[in-house]
Amino acid sequence: LNTVDTDQLLPPNFYQFGLAPEDEAAEAVRHAVDNGAETAVALFPNSEWGLRVFQSFQTEFEALGGRLLESRAYDSSTQDFSLAITTLLNPADSNQRHQRLAANLGLPIEFEPRRRQDVDMIFFAADPGAARLLAPQFRFHFAGDLPTYATSDIYEVAARGSDPDLNGVIFADIPWLLAPDASTDALKSSLLRYWPQRTTRWLRLYGLGFDAYRMLPLLYNPDASFVSIPGMSGELWIDTDGRVRRRLPIAQFRNGVPAMLVPEAPTEDTALDDQVLSSR
């Protein structure tokens, strides 16, 4: 119930299943690209975990044809991310143009700085504390209109009340949290009733445990074959390296709470095009 970060040859019938942030970064990329993102900037903590998440995002984004314009690592101990953000978004060029124009005209000019205009999205990696500081600072530095993505690490399930500072941030998380059904809701209620302190903090890990238990018969049955199965921790399938991979729902913080983003239904024109292609 973890993943091995190594290139060495693993023994046969060795399976890995963990809540890898790489799955979430890849899901964020797919959602962004599906919604038209072609360029991006990225911000991540100067740590082994931060680099791992950033590299996963970069690899998936470039594999899907995206172009990473700029990336910066930040110090997790700080509360002011202005330097890293302004380096990414480059409003300094806008300030310089204003100063040149005012000097040439010899007149005071009303002015509002602008960020760089070639960015389609922001991706950042952060824990809940840093995320609550970063998201408002992105807005302060004129990036409030840019789709901003993160991993589920920003979402503190055990936190009470809402998180308005995170409004607008898009992230992937497990279905048990974002899209529960009646049976999983009943299971969550039972867990919360008997182990409230443990369950709230470790809910994602409970989902992982339940899914691992459900997958055991499939792994030990040589006659079983499956493309994917729906689970509490994602839509699951097994890669050629024995690693269980996950597809995840996407949510966006609205009014301080995550709201699931449902994929848009195809238009009549799109459906007609699909029918024409399938008939050829």
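The values are calculated or read from the model by the stated rules, or taken from the named source; none is laboratory data. Note that the coordinates shown come from a computational prediction; the quantities given were computed from them, not determined experimentally. All Cβ positions, even for glycine, are placed from backbone atoms using ideal geometry, and neighbour counts span all protein chains on display. Side chains are part of the model used for accessible areas, which takes the heavy atoms of the whole protein and leaves out ligands, DNA and RNA. Shrake-Rupley method; radii C 1.70, N 1.55, O 1.52, S 1.80 Å.
In this simple spin-label model, placing a label point 7 Å from the Cα along the Cα-to-Cβ direction at both Thr6 and Ser162 gives a separation of 4.8 nm.
How much FRET efficiency would the formula 1/(1 + (r/R0)^6) give for Ala182 and Asp75, where r is the Cβ-Cβ distance and R0 is 30 Å, rounded to 0.05? Between Ala182 and Asp75 the formula returns 0.10. Using a probe of 1.4 angstrom and keeping all protein chains present, the accessible surface of segment 1-97 works out to 55 square angstrom per residue.
In the full protein context, segment 119-233 carries 51 Å² of accessible surface per residue, based on a 1.4 Å probe and ignoring ligands, DNA and RNA.
For Cα pairs less than 8 Å apart in space and 6+ apart in sequence, what is the mean separation divided by the residue count of segment 11-78, i.e. the relative contact order in percent? Present the calculation step by step, with values, prior to reporting the outcome.
Details: 66 pairs, mean separation 26.0, N = 68.
Contact order relative to length: 38 percent.
Descending by average beta-carbon neighbour count within 10 Å, the peptides 43-52, 115-124, 5-14 line up as 115-124, 43-52, 5-14, the highest first.
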